[in-house]
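Have a look at the structure below, then the notes.
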Amino acid sequence: HNTVASTQTPSASSIEWRYIATDVTLANNLVTDRIWDRGGTAYLSTNLEFAPLGLFRNVPAGTLHLVDPISSPVGAGTPLASGVCDGDFDGQPRDTVPDVGADELGEPLYADDFESGTTSRWTVTHF
């Protein structure tokens, strides 16, 4: 579960593997360029290449949270064995049908200003 997003085309790829002795599993990665085989063995599972920057909250600022609950990475991942990437990059648990990439788009949370003593303003925030 990695997310690699760039505002410029990388010189080679977003993720690559190389060398004859390489034996790697790449699963549930979301990248804005390609995943490149440069030698060795890789087992690929549910990786999304050439993802549009619009999937993320703010790429130039490094905020790679998914913004659209019906976008292609959401619910498209392959479940991994327990103990292998059980949470996203914020520590939010993966559900039974994980999202592709580092972010698991969760149910909206409601910010209600309880700390300031008012409940007159409610907003929806996706993490």
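Any read-out appearing in this document is the output of simple, stated calculations on the displayed coordinates, not a laboratory observation. Every value quoted in this text rests on a predicted model; they were computed, and no experiment measured them.
Here the gap between residue 22 and residue 6, fully extended at 0.36 nm per residue and compared with their Cα-Cα distance, gives a gain of 3.2 nm. A cut-off of 5 Å between modelled amide H atoms, ignoring neighbours fewer than 5 places along the same chain, links residue 16 with 36.
Values of log10 I(q)/I(0) for region 1-88 across q = 0.15, 0.16, 0.24 Å⁻¹ run -0.61, -0.69, -1.27, by the Debye formula with one identical scatterer at each alpha carbon and no solvent.
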